[in-house]
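Asks: My structure is below; once you've seen it, I'll send some questions.
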Amino acid sequence: AIGVLVESNTGRDFMAKGGSSTTAGSVMKRMEGAKNEARSASNSPLQSLQGRDRPVVGAPRVLFEKKCEGLWSDVTSAAGMAVFILSFCVLAPILALGWLAVPFAFGAKGMAVCVVLYTASQTIVPKWYSRAYKDGPIHAPIINTLVSYVRDFKVIKEADLDPSHNYVFAWHPHGRMFYGFGALIGLFSSWYPEIIATGHDVRGCVNENLLRIPLLGHWLHLIGLISCNKGTVRKVLSRGDSAGIIVGGIEEVLEGTFDDKDVLFLKERKGFCKLAMEGGSGVVPCYCFGESDLFHHEGEASLRFWRWLNKFSKVGVPFPVRGWMQTPFPKRAPLLIVLGSPLFAAEGESVAEFHARYVDALTEMHKRYVGMSSKPNRRLVIV
């Protein structure tokens, strides 16, 4: 079972959620473990952060930690991961590009039928979001796969959020499969119950082309994903909901991944700060250490080809996705996710000034936690 243990700032209110049934006895054991950790935390890296001058509500703490659980966990998590692989590496390319073969197989009439069916799928077939489905018994186990699949999965939450505000969750780095970002959106109700308690939610922002793929796009809408265009994000924030944005986007994917550094496409990415400032929203820096280790790194020759192709169509670097044993399955690299403290724009502060302050905060957050990751010498490069 995958359990998420959240400690509130007021009193000792513990909430266990996620995975299969969690007994009262296991909850008590987790509570006792949390007490023991608190007693011995004086020498921990997290304890040393509490005196920093940061807008923190409460203290940084390990929100969730999971270790490798044995062969059966490996088998079940691999089966769950196969659903993602089937969706993104098999079904999506077939649905997105398969129509190109229709004229050769069925002629002009077949092509006309495909055009009519596609138009109907985008205009007639409804697309809606269901939180009950996303957090329910059908979809939740699939999302839990993101946690159970990797060898080690740890989440550190620097601050509880003021539920009277909404937020832009700025995610770094993009990676090849935005693995950690999927965990944020899928497990948001467990990681930020203080926001969910207000009746609001978070909507994950993805490339609009993904949402245009029949069937896959409908499923992505169902679990709460939206287009990353400014108008859609602005509408979500105006309703009081929060938005999760992978700031680097496709341009960051085209920078490639490396063993010794994470390259973030961030210097010219100021739109997320502007959107937050317009609605008085906070910006929460989020970083997934290990995201770049889930797949083999693309060579420069391959990246040059995909950069050229992306001049005509924004597709990123979808092929080849080479992970575990050269398959589309991600490597089981350890992941450390840090959910940072929120930043708000000061009165009279320009977008450029707020963005610069955000970059500084993200850089400092990387320095604080990279030593706790699987590759403590990995550098942060911002382009």
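Yes/no matrix, rows are residues, columns are (1) surrounded by fewer than 20 Cβ atoms within 10 Å (Cβ to Cβ); (2) among the aromatic types (Phe, Trp, Tyr); (3) touching a helix residue (DSSP H, G or I) at 6+ places or on another chain (Cβ under 6 Å):
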residue: 153; (1), (2), (3): no, yes, yes
residue: 164; (1), (2), (3): yes, no, no
residue: 173; (1), (2), (3): no, no, yes
residue: 177; (1), (2), (3): no, no, no
residue: 183; (1), (2), (3): no, no, yes
residue: 189; (1), (2), (3): yes, no, yes
residue: 192; (1), (2), (3): no, yes, no
residue: 198; (1), (2), (3): yes, no, no
residue: 207; (1), (2), (3): yes, no, no
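Asks: I'd like to verify a number: residues in the stretch 142-184 that are hydrophobic (A, V, I, L, M, F, W, C) and assigned to a loop (DSSP other than H, G, I, E, B), how many?
Replies: The first filter runs over the stretch 142-184 and keeps only residues hydrophobic (A, V, I, L, M, F, W, C), leaving 142-143, 146-147, 150, 153, 155-156, 159, 161, 168-171, 177-178, 181, 183-184.
Those left that are additionally assigned to a loop (DSSP other than H, G, I, E, B): 150, 159, 161, 177-178.
So the answer is 5.
Asks: Just give me the residues in the stretch 122-155 being out of contact with any Phe, Trp or Tyr (no Cβ under 7 Å at 6 or more places or on another chain) and aliphatic (A, V, I, L, M), in sequence order.
Replies: 124, 125, 132, 138, 140, 142, 143, 150
Asks: Using beta carbons and a limit of 8 Å, which pairs, at least six apart or on different chains, have the first residue in the stretch 281-297 and closer than 15 Å to residue 149 by Cα and touching a residue at least 40 places away in the same chain (Cβ under 8 Å) and the second one polar (S, T, N, Q) and surrounded by fewer than 22 Cβ atoms within 10 Å (Cβ to Cβ)?
Replies: 290/373; 290/374; 293/374
Asks: Of these, 173, 163, which one is touching a residue at least 60 places away in the same chain (Cβ under 8 Å), of a type outside the set (A, V, I, L, M) and either farther than 28 Å from residue 251 by Cβ or touching a strand residue (DSSP E or B) at 6+ places or on another chain (Cβ under 7 Å) (or both)?
Replies: Just one listed residue meets the conditions, 173.
Asks: Could you list all residues from the stretch 350-378 that are among the basic types (Lys, Arg), more than 15 Å from residue 173 (Cβ to Cβ) and in contact (Cβ under 8 Å) with a residue 24 or more places away in the chain? Lay out the reasoning, then the answer.
Replies: So in the stretch 350-378, the residues among the basic types (Lys, Arg) come out as 357, 367-368, 375, 378.
With more than 15 Å from residue 173 (Cβ to Cβ) added as a condition, the list becomes 357, 367-368.
If the condition is that a residue be among the basic types (Lys, Arg), more than 15 Å from residue 173 (Cβ to Cβ) and in contact (Cβ under 8 Å) with a residue 24 or more places away in the chain, then 368 is the only one that fits.
Asks: In the stretch 271-383, which helices (runs of 4 or more DSSP H) lie fully inside it and hold 3 or more residues that are of a type in the set (Val, Ile, Thr) and at pLDDT 95 or above?
Replies: 351-369
Asks: For the stretch 247-270, what are the residues that are under 20 Å from the mean Cα position of the chain (by Cα), not aliphatic (A, V, I, L, M) and not in a helix (DSSP H, G or I)?
Replies: 248, 255, 256, 257, 258, 261, 262, 265, 269, 270
Asks: Does residue 125 qualify as being in a loop (DSSP other than H, G, I, E, B), surrounded by fewer than 17 Cβ atoms within 10 Å (Cβ to Cβ), of a type in the set (Val, Ile, Thr) and at pLDDT 80 or above?
Replies: The answer is yes for residue 125.
Asks: Can you pull out the residues in the stretch 251-262 that are buried (at least 20 other Cβ atoms within 10 Å of the Cβ) and over 19 Å from residue 228 (Cβ atoms)?
Replies: 257, 262
Asks: Considering only residues that are over 30 Å from residue 149 (Cα atoms), modelled with pLDDT under 70 and surrounded by 13 or more Cβ atoms within 10 Å (Cβ to Cβ), which ones fall in the stretch 82-102?
Replies: Across the stretch 82-102, the qualifying residue is only 99.
Asks: What number of residues within the stretch 211-262 are charged (D, E, K, R) and touching a Gly at 6+ places or on another chain (Cβ under 7 Å)? Outline the logic, then answer.
Replies: First, pick out the residues of the stretch 211-262 that are charged (D, E, K, R): 212, 230, 234-235, 239, 241, 251-252, 255, 259-262.
Among the residues that remain, those that are also touching a Gly at 6+ places or on another chain (Cβ under 7 Å) are: 230.
Counting residues in the stretch 211-262 that are charged (D, E, K, R) and touching a Gly at 6+ places or on another chain (Cβ under 7 Å) gives 1.
The values are calculated or read from the model by the stated rules, or taken from the named source; none is laboratory data. Predicted, not measured: the structure shown is a model, and the values here were computed from it. Virtual Cβ from ideal backbone geometry, glycine too; neighbours counted across all protein chains shown.
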